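What follows is calculated from the coordinates using simple rules that are stated; it is not laboratory data. Remember, it's a predicted structure, so these values are computed and weren't measured experimentally. Ideal geometry is used to build each Cβ from the backbone, glycine not excepted, and the neighbour counts take in all protein chains shown.
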Amino acid sequence: MPPIAPVRGTHDLLPDASAAWQWLLDTHRRVAGEHGYRLADTPVFEHTELFERGVGVGTDVVDKEMYTFADRAGRSLTLRPEGTAGMVRAVLGAHLTQHERPVRVHYVGPMFRHDRPQKGRYRQFAQVGVECIGERSPYLDAEVIEVGWRFLRALGIDDVTLQVNSLGDPADRARYRAALRAYYEPLRDQLCADCRRRLDVNPLRLLDCKRDAAHAERAPRLEDSLSATSAQFFDTVLDGLRDAAIPWTRNWRLVRGLDYYVDTAFEYWHSSLEGAQNALGGGGRYDGLAEVLGFAATPGIGYAFGIERLLLIAEQGGSLPPSPPAAEVVVCSLEPGQATAAAALARGLRDAAVRTVLDTSERKLGAKLGAADRLGARFCVLVGSDEAMAHEATLRDLRERTQERVSAAELGDRVRRALHPTPDAP
Ligand code: HAM
């Protein structure tokens, strides 16, 4: 029988990579926390309707990429392709904005999209994100973009260009959609099959088609359809970014793939990510989303980053922290008769907060020392019959290649001091 393979487009997080993963989550929690964002979590599956209404029928995510299934009661459920719709449902469903406005939350978790898998693009991937729900102010747009910018800096990721655009309000968008239709309709026969469909259901998406890029280049520009109010809102966002010394590129073709955006839309691009995968993260304002989901109109803005893409770039740039060793100490009995004494010594070391692995194998001493070395341990504690009788242990320093006898009672303190020397008190 062949071994069972992982599902295409999924990947495992193995121990050597987990320290980097944890570092990224800690960094996001710290940076978001410094801006008053608190952790929140929502379920991995939701009613399909949440995404159909929130993200929008006609978007690639909803039409082509959702993992949708009927549960045993026949209800249509979907593995979340993104976190914003669920978070807005959770925050407004719990009436949080009645006590606090805006509500600032950050989150982390797996998302699912039936995308074509390749480097940096998976069917199960993870995001970290923030949402700021309950207030409409251009200063909040600038704040959210700055949280993301500071997060990237804290990860040591540079070479990022911030792409910004304003999608205007729904009336601006309607005007722009009409302008796009008028421009593209005579070109219909020259468009790819996808774009012919987009022309009917979602003309904004025509702008980011790679095949029809030449047409998009000459298409009417979104900024020409913005009302004075929308343009001024966006100018204030850009002023906020200037004040925060965050450079941006105004990208009039940036429309984002989810329908809920109005006004500010942005993406953080990295030069070494290619093609459609060049975004490390993105977000925008979604003031109409709450109403579409059946709640009272409530503005909001947020971003999400793809964790796998961030780690890929941090690794290339050399900013990943080294993976700590699995154990600081390995305790080995020399013969089966000393197994109980060895286990007691290991317990004492753990009581002293030393990361300790007990070698329970019947391998020869040389093999045990080799295994301890591969685990990255600094010390090996050896217990033979002599040591066991005397309530002692042999402490072997694998780095200095020295060894000494230490009493069992002192072992924990002795090892902890050697591993984490504290400067002498004055
Ligand atoms: P999004 O642009 O669809 O936005 O996704 C955000 C990020 O998730 C992308 O920039 C990318 O790094 C990562 N990502 C997306 N799809 C994949 C994939 N198939 N494989 C690996 N990584 C992927 C959103 O999801 C919005 N909810 C962001 C937001 C928050 N807007 C407002 N608040």
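Structure data summary
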{"item": "Residue-span extension gain [Ala367 to Glu223] - 0.36 nm each, minus C-alpha spacing", "result": "44.9 nm"}
{"item": "Exposure proxy order (Cβ contacts within 10 Å, fewest to most) of Ile301, Ile313, Ile157, Ile246", "result": "Ile246, Ile157, Ile313, Ile301"}
{"item": "Segment 204-340 - convex hull of alpha carbons, volume per residue in Å³", "result": "253 Å³"}
{"item": "Test item: Cα-centred dipole of the chain, Lys/Arg +1 and Asp/Glu -1 on Cβ, debye", "result": "780 debye"}
{"item": "Segment 15-52-segment 195-233 distance, computed between alpha-carbon centres (Å)", "result": "32 Å"}
{"item": "Prolate/oblate/rounded label for segment 320-395 (Cα gyration tensor, a/c 1.5)", "result": "oblate"}
{"item": "Extension reserve of the Tyr183-Arg72 stretch, reckoned as 0.36 nm per residue once the Cα distance is removed", "result": "35.2 nm"}
{"item": "Per residue Cα convex hull volume in Å³ - calculated over segment 1-56", "result": "169 Å³"}
{"item": "Sparsely packed trypsin sites (Lys or Arg not before Pro) within segment 215-248, loop by DSSP, other Cβ within 10 Å at most 16", "result": "Arg221"}
{"item": "Spatial separation of Cα centroids for segment 88-156 and segment 376-400, in angstrom", "result": "50 Å"}
{"item": "For the chain, the Rg and Dmax computed from alpha carbons only, in angstrom", "result": "28.0, 94"}
{"item": "Efficiency of FRET between Ala17 and Asp158 - r from beta-carbon atoms, R0 22 angstrom, step 0.05", "result": "0.50"}
{"item": "Sorted by Cβ density within 10 Å, fewest first, the residues Met389, Met1, Met87, Met66", "result": "Met1, Met389, Met66, Met87"}
{"item": "Cross-link reach list, lysines versus Lys64, counting only Cα pairs under 30 Å and skipping chain neighbours closer than eight places", "result": "Lys119, Lys210"}
{"item": "Coil-residue trypsin sites (Lys or Arg not before Pro) of segment 1-63, DSSP, other Cβ within 10 Å capped at 10", "result": "Arg8"}
